[in-house]
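Notes for the one structure printed next.
The values are calculated or read from the model by the stated rules, or taken from the named source; none is laboratory data. What you see is a predicted model; the values in this text were computed from it and never measured. Cβ: placed from backbone, ideal geometry, glycine included. Neighbour counts: every protein chain shown. Protein only, heavy atoms only, side chains kept; ligands, DNA and RNA dropped before computing areas. Shrake-Rupley method; radii C 1.70, N 1.55, O 1.52, S 1.80 Å.
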Amino acid sequence: MENSNKRSWAEPYKIKVVEPLKMTTREERNKALEEAGFNTFLLKSDDVYIDLLTDSGTNAMSDNQWAGMMLGDEAYAGSKNFYHLEDAVKKYYGYKYLVPTHQGRGAEHIISQILIKPGTYVPGNMYFTTTRLHQELAGGKFVDVIIDDAHNPASLHPFKGNVDLEKLDALVKKVGAKSIPYITIGVTVNMAGGQPVAMANLKDVRAYCLKQGIRVVLDATRAVENAYFIKTREKGYENKSIEEILLEMCSYSDACTMSGKKDCLTNIGGFLALNEWDVFEEARNMVVVYEGLHTYGGLAGRDMEAMARGIAEAVQWDHIRARIGQVEYVGDKLKSLSVPIVLPIGGHAVFLDAKTFLPHLKQTEFPAQTLAAELYLESGIRSMERGIVSAGRNSETGDHFYPKLELVRLTFPRRVYTQAHCDVTVEAVNEVFNRRNSIKGLKMVYEPKYLRFFQARFERL
Ligand SMILES: *Cc1c(COP(=O)(O)O)cnc(C)c1O
């Protein structure tokens, strides 16, 4: 197994079913883009050639997972697939109790409502959109405690997702540990570019929080990818398996929220996993109100089975190595063409640095939104804005948040595209890069109240 390290990561599967891709003309794409208000979320999937919008729920399932779908036990209560899922979560993530949810935000909603009281503070290593919103809706205030390197696209820190313990301590000193129900640690940090957290940092945060009586909740959505980076970058872990590393990571927390649509290799699903009986009891009560009975949480039996099997496949070395190998392949090629990207290359996506790519655009002209639109126009490749539009507005002042980073995310679905698709992607980005000086910005003409990036509309300036 470890010997194969020296060779190329070639896709560790062969293709059994194919889904044809549709090519479009530039005129067709221009029309589609205008109809979508220059928001790639509003494009019809049918008008997209290579879809790098997200790695969420876009995974290709294995034949083993599809076989499991046929073994769905669709009983309302006590489905056998729930128990399979519970076994898999215990075995690979190590938590005692499981509450299935329809996807990650269902778990975030429940844990936020249970633990956060109005007026409290929830620190985190950079925000994630749905996570922060659920914390705010529960009356909490999110406080970013990620290290400064995370905000610097040029920093080569190997663990840019790390928590800055001084920032955390400053918050504790300011508001008091009693006003902090928990800290959320994202592993990896999506909004920082899929950047990992070091095991040493998880350990330190855990020790600090134990002393202060603050819970640690992992956002374990991409914890397997984080484990890969610990194995390949952190001293002392090179000979540990992904399974061992994942278990150790989770051992430094009290609970996790999970979007099964990412690392668990499914198209839908999620869970909340916990170690505290009291919190579990409340969560199990609440899931019935918002998601479904505690043995299905909004999922069909077959979906729980697919997730249980996906959890076991995700920790296989050949899988995770090729998954991240593909992302690094694209990132390395773009880097060699001098296209500005966030470094080090993250786990699930390559992030174009739109501020450097389009330096002539002001942040209020939405450089990342503009770049995502131009890439679609050029090639039919769909990407996503992660900048001022995603950051939303400050609920107190009403002004935009002005994030330091304006990024365009090229996100790779797991096991879906080939190396040739990767090459085409690199060519398309480079073509936009070559005509970057003539690109004009956008203005926002419609803005929804919540998570505006999903539905906002724009026009060309
Ligand atoms: C996707 C995601 C979530 C939310 O999960 P959903 O399944 O989309 O509800 C939470 N945190 C992170 C880091 C994510 O990437």
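Structure notes:
- Which numbered condition GLN103 fails, given (1) away from the ligand (no atom under 12 Å from the Cβ); (2) in contact with a Ser or Thr (Cβ under 6 Å, 6 or more places away or on another chain): (1)
- Criterion violated by VAL217 - all others in (1) open to solvent by less than 30 Å² (accessible area, probe 1.4 Å); (2) over 22 Å from the mean Cα position of the chain (by Cα) satisfied: (2)
- Qualifying residue in the stretch 237-245 (condition: open to solvent by less than 10 Å² (accessible area, probe 1.4 Å) and either touching a Gly at 6+ places or on another chain (Cβ under 8 Å) or at pLDDT 95 or above (or both)): yes
- Only residues that are within 19 Å of ASP87 (Cβ to Cβ) and open to solvent by 10 Å² or more (accessible area, probe 1.4 Å) were counted across the stretch 260-276, and they come to 1.
- Within the stretch 433-461, the residues that satisfy the criterion of being in a strand (DSSP E or B) and open to solvent by 60 Å² or more (accessible area, probe 1.4 Å) are LYS443, VAL445, TYR446, ARG457, GLU459, ARG460.
- Conditions (1) more than 19 Å from CYS209 (Cα to Cα); (2) open to solvent by less than 40 Å² (accessible area, probe 1.4 Å); (3) within 16 Å of the ligand (Cβ to nearest atom); (4) in a loop (DSSP other than H, G, I, E, B): number failed by SER253: (1)
- Residue ID - farthest from the ligand (Cβ to nearest atom), chosen from residues in the stretch 190-200 that are open to solvent by 10 Å² or more (accessible area, probe 1.4 Å) and within 21 Å of GLU136 (Cβ to Cβ): MET191
- Within the stretch 210-250, the set of residues being of a type in the set (A, V, I, L, M) and assigned to a strand (DSSP E or B) comprises VAL216, VAL217, LEU218.
- At least 2 residues being surrounded by fewer than 17 Cβ atoms within 10 Å (Cβ to Cβ) is the threshold, and among the helices (runs of 4 or more DSSP H) wholly inside the stretch 311-381 those reaching it are 317-336.
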